[in-house]
Amino acid sequence: MNTVELLFLLTLADLMQLDILFWVLSLVLVALLTLHLLWQRRQHKNLVAELAMLETVERRTIEYDLVLKAMKLAIWHIDVKKRTITYDSDYRDVLDIPTIPPGADVELFCNILVAEDKERIKARMKDLMEGRVDLVHEQYRALSPLDNSITWGETHAVIDRRDAEGHPLTIVGTSMRIDKQKEIEAALIDARNKAEESDRLKTAFLANISHEVRTPLNAIVGFSEVLAAGQLSAEECTQLHGLIRQNNVRLLHLFEDMVNMSRLDAGGESLTMTCFNINNLLQELVKKYAPEAAEKNLSLETSHQGEDVELRTDRNCLTQILSHYIDNALKFTDKGCVSVGFNLQIGNVRLWVRDTGRGIEPEFCGDKIFERFVKVDEFEQGTGLGLSICRSLALKLGGKVGMESEVGHGSLFWVDVPYK
């Protein structure tokens, strides 16, 4: 083999070695690229998962904040070892809520409470911080820094983390305003009390009305039978006629009060506004009740007014109010006089009835006596509806009623009616 052939063979062997090396390197490179692509794909999946998690967390944070805003809650946590409280977020109506800076002492939270609640809340929070209880739910009253008014609050607190020995490390809690809730609770309690009182009064009214109806009916029926027997003198017949008439009037007044109250409860009738002279109205009432006053030897008079006043309102409603006042004045006055009158005031005219009767006990004065079925003297005739009707009629006219009285010195009942 000559030299050229030898060189050719050597060159061919070298080329074969280089080709093998190339393929080996190529395979290694492909393997590395494959591993790199697999790693990149895995990283991409991890990144997508992390982005999805972040998006979920962000969405949950938005939902969380939305719930806090909708509920108007405050979120806070307590570092038990440091005994500090920090509000993480506060969506309450904070204008009249004392501000507590971050990392403030826990005592500062208790110091804003009213004295009646302060010690109770401090004791409950101490039990929670020392691990004797796992949950605290309390309602409390706090003082507003604006005007020292009282605001109601409610808090829930629970142990968040514990150390290896089980002692609390952090506590998380929520606080919210419950002023409206307390107002609703108070309104419901008041409504329940009024319903119970109304039920009690209605029961008493039904028991009383049976007596009030039976008494005049018995008198009317009994005296009518005696008259029908025809064995009485003319004077005795006259007396019985008078008693029958009195009981008829009493019975008519009773049913009239019941009908008027039912009509007012049902919405009543529309007002008929007319102009009339007040002095003329008072004179008519005095003339109407003069015979009844004369029977009791009482003086019934109107107070002197220097001028005539024209009033525009429902004359019938006003007449009913004053008639009830005069009826009561004559009933509870044994001696002296009953007077009616009026005074002009700013924006209204006050019509009044004054008597020199026995007066009214202080516990019945004011608004109480104008409530339904209330009777100052249970032994007196009547249903306890008259003054309640007066108040309802006065409100219908856009006015109000009131009274003044002193035991043994008489009473003054008045009604204010809008006047231009």
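The values are calculated or read from the model by the stated rules, or taken from the named source; none is laboratory data. From a predicted model like this one, the values you see are computed outputs, not experimental measurements. Cβ sites come from the backbone with ideal geometry, for glycine too, and all protein chains shown count toward neighbours. These area figures cover heavy atoms from the full protein model, side chains too; ligands, DNA and RNA do not enter into them. Shrake-Rupley method; radii C 1.70, N 1.55, O 1.52, S 1.80 Å.
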Checklist entry - In region 268-323, what percent of the accessible surface is made up of carbon and sulfur (1.4 Å probe, ligands and nucleic acids excluded)? => result 46 percent
Next on the checklist: What value in Å³ per residue do you get for the convex hull of the alpha-carbon atoms in region 133-209?
Outcome noted: 130 Å³
Item to check | Of Lys194/Lys375; Lys396/Lys420; Lys335/Lys396; Lys82/Lys180; Lys194/Lys396, those spanning more than 27 Å from alpha-carbon to alpha-carbon | outcome: Lys335/Lys396; Lys82/Lys180
Checklist entry - Looking at the square roots a ≥ b ≥ c of the eigenvalues of the Cα gyration tensor of region 268-420, which shape do they give, rounded for a/c under 1.5, prolate if a/b is larger than b/c, or oblate? => result oblate
Item to check | Protein-only accessible surface order, largest first, of Ser270, Ser89, Ser224 at 1.4 Å | outcome: Ser270, Ser224, Ser89
Checklist entry - Could you list, bin by bin from short to long, the percent of Cα-Cα pairs of region 104-174 in 5 Å steps? => result 3, 16, 25, 24, 15, 8, 5, 2, 1, 0
Checklist entry - Per residue Cα convex hull volume for region 182-245, in cubic angstrom? => result 72 Å³
Checklist entry - Using 1/(1 + (r/R0)^6) with R0 = 25 angstrom and r between the beta carbons of Ser299 and Ser210, what's the FRET efficiency to the nearest 0.05? => result 0.10
Next on the checklist: Using alpha carbons only, how many angstrom separate the centre of region 132-161 from the centre of region 169-235?
Outcome noted: 41 Å
Next on the checklist: Given an 8 Å cut-off on Cα distances and at least 6 residues of separation, report the relative contact order of region 89-229 as a percent.
Outcome noted: 15 percent
Checklist outcome for this item: Once all protein chains are kept in place, His167 shows an accessible area at probe 1.4 Å, nearest 10 Å², of 90 Å²
Checklist outcome for this item: Kirkwood radius from Cα pairs of region 85-213 plugged into Stokes-Einstein at 37 °C, 0.692 mPa s, gives D in µm²/s equal to 184 µm²/s
Checklist outcome for this item: Under a 1.4 Å probe, counting only protein heavy atoms, Ser411 has an accessible area in Å², nearest 10, of 10 Å²
Next on the checklist: For a quick check: with amide H placed at 1.01 Å from N, whose amide H comes under 5 Å from Arg358's, ignoring anything fewer than 5 positions away on the same chain?
Outcome noted: Asp334
Item to check | Cα-only Debye scattering, region 214-318: base-10 log of I(q)/I(0) at q = 0.10 Å⁻¹ | outcome: -0.51
Next on the checklist: At 1.4 Å probe size, what's the solvent-accessible area of Asp367? Round to the nearest 10 Å².
Outcome noted: 110 Å²
Checklist outcome for this item: Probe 1.4 Å, heavy atoms of protein chains only: per residue, the accessible area of region 329-414 in Å² is 47 Å²
